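What follows is one structure encoded as C-alpha cells, with my remarks underneath.
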Amino acid sequence: MHLPRSQGRKTVSVMRGLMMLCPACYDSIHEEKLVDEKNYVADHETFFDVICPGCEDLNRPLIDDMLGSSE
C-alpha cells in the first residue's frame, strides 16, 4: 500500500485551514484563478472540482469539515 507523502506538495489556505496539493493541482488552481494574492481559495466548490482524487483523499478530513459532513 502506497501512502501519500507531503514531499513536493504545496499548500493553499481555505476557510478551515491549509490544504496540501500536488504540483499539478497547485498549478491548476492558479491557472483557474481560484486563489487570491494571499493564496486563499474562496470558492471551495469549484476548487473541489479542480483537484485530483489523490489530493481529495489526502485532505479528506478537512474537506468533510468544510462541507459539513457528519461522516
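The values are calculated or read from the model by the stated rules, or taken from the named source; none is laboratory data. Note that the coordinates shown come from a computational prediction; the quantities given were computed from them, not determined experimentally. When the accessible area is computed, the model is the full protein with side chains, heavy atoms only, and any ligands, DNA or RNA have been set aside. Shrake-Rupley method; radii C 1.70, N 1.55, O 1.52, S 1.80 Å.
The residues of the chain expose on average 69 square angstrom of accessible surface per residue, using a 1.4 Å probe on protein heavy atoms.
Pair-distance distribution of the chain: all C-alpha pairs, bin width 5 Å, starting at 0; shares per bin in whole percent are 3, 16, 31, 27, 15, 6, 1, 0.
Computed from backbone phi with θ = phi - 60° and the Karplus coefficients 6.51, -1.76 and 1.60, the 3J(HN,Hα) list for segment 19-35 is 10, 8, 10, 5, x, 5, 5, 4, 5, 4, 5, 6, 5, 7, 6, 8, 10 Hz; x is used for glycine and proline.
Roughly how many percent of the accessible protein surface of the chain is carbon and sulfur, given a 1.4 Å probe and a whole-percent answer? Carbon and sulfur atoms account for 49 percent of the accessible area of the chain.
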